[in-house]
Every structure is written in structure tokens, then in C-alpha cells.
Amino acid sequence: MASNFDLYVERRHTDSDKWHKYENKEIIPLWVADSDFKSPDAVIDALQRRVAHGVFGYGYPSPELIEVFISRMKSLYNWDVKPEWLVFLPGLVSGLNLCVRALTTPEQATIAPHPIYPPFMKSARLANRQQISAPVKLQGKRWVLDLDAAEPQLTGSEKLLMLCNPQNPGGTVYRRPELLAQLDFAQRHNLIVCSDEIHCDLLLEEGLEHIPFCTLSEDAAQRSITLMAPSKTFNIAGLGASIAVIPNAVLRNRFIEARTGIVPSVDILAYVAATAAYQGGSEWLAEQLVYLRANRDLLLERINAIPGLKLMPIEATYLAWIDASGLPVSNPHAFFEEAGVGLSPGSDFGNPHFIRLNFGCRRELLLEALERMEKAVAALPIEA
């Protein structure tokens, strides 16, 4: 049965981080990266069965979850993942922080894209590590990582290269030659690589493929940690089940040692949801991608028709990285919030002239947000 992504689901007063931010305000929340869609029936049914059992003790990743994840990696990417490579985490952000703390010393630096998803920057800051920014630049109409531009900043103390594919923000899906260039950079500078691939299932541009960094070569596998999760894909982020794939036993042991006593294990309901999503969510995911593509196309047309705003094509994710530098306003985030649309401020990602819009919502809500944005810009005074 086809899923209804136009279904209104009331999220106010449900302890939703996304919707609570603007509780009792006439502001549409399109900021943090969870969608407003009900999760697949397979996930809901599995959770209801597990809850009916009535006992919620400590758990561990079931053989079924390990098997379905390994099978999925083989089917999608021809990637032969071994069970012992897998480390389960209660969220991908903890994986980013563990990579920094486990794989660098206080004297060593990290390298990360810029602009980038805020936890990349926070992970270095919280661990008291220096971070070198590698700019993400427009190449044609794609946001592409330019590691060559970071080269003059290097001192030899760098140890960890943090990658994001698909890129957040920007929505770029990196092609094989681009990934090979990233690998070459890592090899030349003797870097370990942390690759955040949480949005790998949300490919909107048909014909594109996601290529896990780890699969580029045996060297890539031995120097990398790949972070994945079903959370964005199946809208179960609040349950917190993520997976670090670490083929290198030395890196894996350092990673596990760093999390001991600090990062807890995954809770049993998250394991249940992840297993059910991977086992029974494929049809739902295919339908979601059709819906998101239509939202993206609508967004591209309407945003690029608003004077002062620019949006490049989005290859993946449900996140739009909007250039608002053409508006005669000092703070585009505050401007649109005042107009009743709550977006993510570009300053959180490293560029205050941008805003990020989450279009993982029903189309009626997206249309209302776009109308508010259009009216707000139309009411701005015309510069002489």
C-alpha cells in the first residue's frame, strides 16, 4: 500500500525538538534534520510488538540486524563487510566526536570541509583540537570540496580528515574521481579518514550512485572509519542507532576504547527500529524519494524566483543550502524567522549569508513556508 507523505501528523506537544523550538509561535519549523513523515509501517509494527513484551533491559545488536546491514552493503555497493568491523553507536554525532578523540592527540589537527554540519566543528573544539578548514566551493552548479585550497595551511601535525558524503549542507554526491582525489590527499599527508555517510540513502538525482569511501581500495579501507545510520533515511533519528564500519583492527580498538564508560550502548528499541527499517522499509523509502524529488523541484523553482536568493541543484538529502547574500538584510535567518519560517542559520555551518531549509515535510507546509518567504522579500524596500 502506498504511503501518504501528505498526511498531517501533529508534532506539537510531542516533545519534538524541531517543533518545540517555536511552540506557541506562528513559525513553521524547517530547521533541524528530521522529517515530518511517519516512519514505515514495518518499523511501527516492530516497535509495538517489542513494547508489548513489556521488559526493556539492556540489549545488543541482534544477528538479524548485523546480517541485514551486511547484506544491504553487499547489495547496494558490492561491499563485503565483516561482522567484526561493526561498532554500534547511539547516534552518528558521537561517532564524529569519538573519531577526533580516539584518532588524534591534543598536538594533532583535524581537517574538515567548510561550510559543514556543525558537529564537525564542535567535535574538534570540544576535544581541544585544532581544525583546518577545507573550503566547499561551487564547481559548475555543485558544491565540491577543494582540498587543494587547504594545502597551504598544513603544518604536518594533521592526522584526521573528516569527510561528508553526501555533503551537508549542499547535497552533493561525490563522484568516484572526486573521492579518489580525497583518498590521494589522505595518502599524501598520512591521514586517517572519518567519512560521514548518514544521508547515503537519500539520493534525489536519479542515475547517481553513492560510493562508500571505504570501498575505493584496500588502503582506503585500512585508513578509514565510515559512519552510517538508518535515522535520516527512515525518520527514526530520535531512537539513535548508528553504525561505525572500521576494517582496521587497530583503529577499531582505539575507537572502542575511547567510547568505553562514556558513550552508552544502543537501546533495545533503537535496535528493533533499525532492524525493521532495513528489513522492511525499501518500498517506503522508494516512495519517499519520489515525494522528496517533487519537493526539491518545487523548492528550486520557487526559491530561484525570489530576488536575492539562489539555490543550486540538490543531488541528495532533504536539505536546501540557500544563498541569501543578495538580500538587503544583515541576518537572513532572523529575517525569515520574523516572517514565520524557522530555518537553520548559515552561521552555524560557517557562512552567515546562507540559510538551510529542511524540505522533508508535507507539500502543503512547504508551500505555506515559500509563500511567507516570497511575501517577506517582496515587502523589502527597493534599493535605489
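The values are calculated or read from the model by the stated rules, or taken from the named source; none is laboratory data. Everything numeric here is computed off the predicted structure, so don't read it as measured data. Cβ atoms come from the backbone with ideal geometry, glycine included; neighbour counts cover every protein chain shown. Surface accessibility is based on the protein's heavy atoms, side chains included, excluding ligands, DNA and RNA. Shrake-Rupley method; radii C 1.70, N 1.55, O 1.52, S 1.80 Å.
Screening residue 262 against (1) assigned by the TED database to the domain that holds residue 137; (2) surrounded by 17 or more Cβ atoms within 10 Å (Cβ to Cβ) leaves a single unmet condition, (2). Listed conditions (1) open to solvent by less than 60 Å² (accessible area, probe 1.4 Å); (2) part of a helix (DSSP H, G or I); (3) of a type in the set (A, V, I, L, M) are all met by residue 76, apart from (1).
Restricting attention to the range 267-282, does a residue exist that is open to solvent by 10 Å² or more (accessible area, probe 1.4 Å), among the acidic types (Asp, Glu) and either in the same structural domain as residue 202 (by the TED database) or in contact with a Leu (Cβ under 6 Å, 6 or more places away or on another chain) (or both)? Within the range 267-282, one or more residues are open to solvent by 10 Å² or more (accessible area, probe 1.4 Å), among the acidic types (Asp, Glu) and either in the same structural domain as residue 202 (by the TED database) or in contact with a Leu (Cβ under 6 Å, 6 or more places away or on another chain) (or both). Whether any residue in the range 40-57 is among the hydrophobic types (A, V, I, L, M, F, W, C), outside the structural domain of residue 333 (by the TED database), under 28 Å from residue 224 (Cα atoms) and outside any loop (DSSP other than H, G, I, E, B) is what I want to check. Scanning the range 40-57, I find no residue that is among the hydrophobic types (A, V, I, L, M, F, W, C), outside the structural domain of residue 333 (by the TED database), under 28 Å from residue 224 (Cα atoms) and outside any loop (DSSP other than H, G, I, E, B), so the answer is no. No other residue among 350, 360, 326 is open to solvent by 10 Å² or more (accessible area, probe 1.4 Å), closer than 27 Å to residue 197 by Cβ and not assigned by the TED database to the domain that holds residue 140 apart from 350. Checked against the criterion of being in contact with a strand residue (DSSP E or B) (Cβ under 7 Å, 6 or more places away or on another chain), touching a residue at least 24 places away in the same chain (Cβ under 8 Å) and of a type in the set (Val, Ile, Thr), the range 53-72 has no qualifying residue.
The set of residues in the range 87-108 being among the aromatic types (Phe, Trp, Tyr) and open to solvent by 30 Å² or more (accessible area, probe 1.4 Å) is empty. Considering only the range 48-64, I want to know if a residue exists there that is open to solvent by less than 60 Å² (accessible area, probe 1.4 Å) and in contact with an Asp or Glu (Cβ under 8 Å, 6 or more places away or on another chain). Checked the range 48-64: at least one residue is open to solvent by less than 60 Å² (accessible area, probe 1.4 Å) and in contact with an Asp or Glu (Cβ under 8 Å, 6 or more places away or on another chain).
All told, residue 113 meets the bar of being free of Cβ contacts under 8 Å to residues at least 60 places away in the same chain, closer than 29 Å to residue 171 by Cβ and open to solvent by less than 10 Å² (accessible area, probe 1.4 Å). The set of residues in the range 116-157 that are free of Cβ contacts under 8 Å to residues at least 12 places away in the same chain and either part of a strand (DSSP E or B) or surrounded by 17 or more Cβ atoms within 10 Å (Cβ to Cβ) (or both) contains only 139. Those helices (runs of 4 or more DSSP H) of the range 280-384 in which at least 1 residues are within 19 Å of the chain's Cα centre (by Cα), considering only elements entirely within it, cover 282-303.
Contact map, the range 297-323: first residue in the same structural domain as residue 172 (by the TED database), second residue assigned to a strand (DSSP E or B) and modelled with pLDDT of 95 or more, Cβ cut-off under 7 Å, separation 6 or more or different chains; the map is empty.
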